[in-house]
């Protein structure tokens, strides 16, 4: 899996590049046919950003992500490295290119002390709301969004606020095989050092594991895994953020799990 493009560009250049993507071989095309349902019924993971000209550190912000729970009319945002904050905010006036936010109605806060973590979290919060950040904060409406279809098993969503700041989110199609659904589970999740993998259904042979970061980079590989029972993986060397763990073997078994490294 490759990164579609490097988004350390000013907004005008970014929009120009997005316009040209359909004509550049290998980069895919803008998915104009995507629907509002796809926007509201997906989990979006922050990949790159520019807020006040600063890129939000995924390591210090805990790789923020958001989604709208099924049959609900609000977004739930999660972020934070040492402690997970979250907030819920209703959305309104959703079109195929824009949306608005109401005031926050549920906010779970943390008492961050690390200056770099505080900066990363506040940058993320300030993209959506005026400060101070709390349940009385004023949203920076309206927001526009557009997406890029890479032709790969991922999609990228760019959200822009009225200040010209932008956040690039990514979603991945991570389906499990129909013949063995949810054979493995991971815990604790989030994990700091050791990730436990529990086999809840079957025994498979000659399995191997790949772990990818949110950008699609392979960060860990292990083979000859004995999967008849539980086993563990040391993830202490990984940076904080969201990761995808892929278990497969030569007999076409495949399952992809998601975990957060603290």
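The values are calculated or read from the model by the stated rules, or taken from the named source; none is laboratory data. The shown structure was predicted, so the numbers you read here are calculated from the model rather than taken from an experiment. Cβ: placed from backbone, ideal geometry, glycine included. Neighbour counts: every protein chain shown.
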Among 153, 177, 132, 139, the single one that is at pLDDT below 75 and assigned by TED's automatic domain parsing to the domain that holds residue 57 is 153
Quick count over the range 98-136, residues being touching a strand residue (DSSP E or B) at 6+ places or on another chain (Cβ under 6 Å), within 26 Å of residue 147 (Cα to Cα) and surrounded by fewer than 16 Cβ atoms within 10 Å (Cβ to Cβ), is 3
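Looking only at the range 112-124, which residues are under 22 Å from the mean Cα position of the chain (by Cα) and more than 14 Å from residue 163 (Cα to Cα)? First the steps, then the outcome.
Applying the first criterion (under 22 Å from the mean Cα position of the chain (by Cα)) to the range 112-124 yields 112, 116-124.
Hits for the range 112-124 are 112, 116, 117, 118, 119, 120, 121, 122.
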Among (1) in a loop (DSSP other than H, G, I, E, B); (2) closer than 19 Å to residue 156 by Cβ; (3) touching a helix residue (DSSP H, G or I) at 6+ places or on another chain (Cβ under 7 Å), residue 133 falls short only on (2)
Wholly inside the range 1-99, strands (runs of 3 or more DSSP E) that include 1 or more residues that are at pLDDT below 50 and more than 27 Å from residue 117 (Cα to Cα) are none
Those residues of the range 100-127 that are without any contact (Cβ under 8 Å) to a residue 40 or more places away in the chain and in a helix (DSSP H, G or I) come to a total of 4
